[in-house]
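For reference, the structure discussed in these notes is given below.
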Amino acid sequence: MALLIGMTGCGEQMTDEELLDQARGVNFAFKAALAEVQMQVFDGDWKIYAYGAETWDCDNNGYEFRFQRATLPQWKLKEPTRDAAERIATWLDDNGWEAIKTQGYSGDIANIVIHAAKPDSFVARLTIDISPDPDTYDIATITADSTCQPGDLERLDAIRRPGLHTEAEHLEDVPSTEHPTAKPSFGYTPDGKRRFWDDAD
């Protein structure tokens with residue numbers, strides 16, 4: 001999928017279809033990179049706090065995506081926290097991630113936080129927070145912001161939601177939990193159903 005950035009090759013403003021295709025390509029690359037990170041932490045269903053396909057304002061009159069997942073109750077690490085953090089950081093480094101930093105805390109705080117970025121997959125900021133608790137269950141959260149993309153946010157939102165501002169619009173909810181390998185959706189059909197994309201769509 002070719003990604004168009006801002007303008008067409010003729011210097012003209014993108015059509016609605018081109019703007020939607022650009023945003024979808026960015027979003028799917030962003031979420032695919034994050035899904036690979038999730039799998040390094042836990043191969044199972046994660047709680048969704050921010051699905052990652054909604055648009056948010058960012059610098060230069062553009063838009064970005066925000067993503068947040070957390071492990072479910074009763075999840076436990078299968079290795080010591082520091083070993084897990086070292087393994088994940090090494091995997092990030094081996095797989096093209098940049099600006100990798102691992103932060104621990106002194107005293108009784110056992111959390112370890114990993115920061116990274118992968119601009120070529122449109123990930124501006126990644127944070128992995130691993131919080132162990134020997135008495136109950138461990139928690140891992142993954143949050144990320146995409147790189148800021150040029151484009152009119154309000155126009156893109158209207159294209160993503162063709163039923164916007166109509167009495168008929170009722171948007172289908174994203175699931176409360178999801179496996180990292182689940183097929184992603186982007187935007188909605190005119191009747192408010194989540195839109196899943198095939199090559200022919």
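Among the residues of region 84-111, how many are outside any helix (DSSP H, G or I), acidic (D, E) and closer than 19 Å to A29 by Cα?
Residues meeting the conditions: 1.
Please give the number of the condition R66 fails out of (1) in a loop (DSSP other than H, G, I, E, B); (2) touching an Asp or Glu at 6+ places or on another chain (Cβ under 6 Å).
(1)
For region 118-159, which residues satisfy the criterion of being among the aliphatic types (A, V, I, L, M), assigned to a strand (DSSP E or B) and over 12 Å from the mean Cα position of the chain (by Cα)? If you could, list the steps in order and put the result at the bottom.
Initially, region 118-159 is screened for residues among the aliphatic types (A, V, I, L, M), giving 123-124, 126, 128, 130, 139-140, 142, 144, 153, 156, 158-159.
Those still in the list that are assigned to a strand (DSSP E or B) too: 123-124, 126, 128, 130, 139-140, 142, 144.
I128, I130, I139, A140, listed by residue number.
Note down all Cβ pairs under 6 Å where the first residue falls in region 28-56 and is touching a residue at least 24 places away in the same chain (Cβ under 8 Å), the second is part of a helix (DSSP H, G or I) and among the aromatic types (F, W, Y), and they're at least six residues apart or on different chains.
Q40/W91
With the structure loaded, tell me whether F196 is among the hydrophobic types (A, V, I, L, M, F, W, C), touching a helix residue (DSSP H, G or I) at 6+ places or on another chain (Cβ under 7 Å) and not in a helix (DSSP H, G or I) or whether it fails that test. Break it down stepwise before answering.
Numbers: among the hydrophobic types (A, V, I, L, M, F, W, C): yes; touching a helix residue (DSSP H, G or I) at 6+ places or on another chain (Cβ under 7 Å): no; not in a helix (DSSP H, G or I): yes.
No: the conditions fail for F196.
Would you confirm whether any residue within region 41-50 is part of a loop (DSSP other than H, G, I, E, B), modelled with pLDDT of 95 or more, over 15 Å from I128 (Cα atoms) and not charged (D, E, K, R)?
yes
Filtering region 57-83 down to residues that are in contact (Cβ under 8 Å) with a residue 60 or more places away in the chain and among the acidic types (D, E), which residue is farthest from R24 (Cα to Cα)? Explain how you work it out, then say what you get.
From region 57-83, those in contact (Cβ under 8 Å) with a residue 60 or more places away in the chain are 57-77; that's our starting set.
Subsequent filtering for residues that are among the acidic types (D, E) retains 57, 59, 64.
Numbers: D57: 17, D59: 20, E64: 12 Å.
Out of the qualifying residues, it is D59.
For region 101-118, enumerate the residues that are loosely packed, with under 13 Cβ neighbours inside 10 Å and either at pLDDT 95 or above or of a type in the set (V, I, T) (or both).
The first filter runs over region 101-118 and keeps only residues loosely packed, with under 13 Cβ neighbours inside 10 Å, leaving 101, 103-109.
The answer is K101, I109.
Check E98, E79, E54, E17 and return the single one that is surrounded by fewer than 17 Cβ atoms within 10 Å (Cβ to Cβ) and more than 30 Å from G187 (Cβ to Cβ).
The unique qualifying residue is E79.
Of (1) in contact with a strand residue (DSSP E or B) (Cβ under 9 Å, 6 or more places away or on another chain); (2) at positive phi; (3) of a type outside the set (F, W, Y); (4) modelled with pLDDT under 95, G96 satisfies all except one. Which?
(4)
Does any residue in region 140-154 that is on the phi > 0 side of the Ramachandran plot come within less than 9 Å, Cβ to Cβ, of a residue that is surrounded by 18 or more Cβ atoms within 10 Å (Cβ to Cβ) six or more places away or on a different chain, and which pairs are these?
G151/M14; G151/L19; G151/Q22; G151/A23; G151/T55; G151/G62; G151/Y63
Would you pick out the residues in region 119-136 that are surrounded by 15 or more Cβ atoms within 10 Å (Cβ to Cβ) and not charged (D, E, K, R)?
From region 119-136, those surrounded by 15 or more Cβ atoms within 10 Å (Cβ to Cβ) are 121-132; that's our starting set.
Within region 119-136, S121, F122, V123, A124, L126, T127, I128, I130, S131, P132 qualify.
The values are calculated or read from the model by the stated rules, or taken from the named source; none is laboratory data. Quantities reported herein were computed from a predicted structural model and do not represent experimental measurements. All Cβ positions, even for glycine, are placed from backbone atoms using ideal geometry, and neighbour counts span all protein chains on display.
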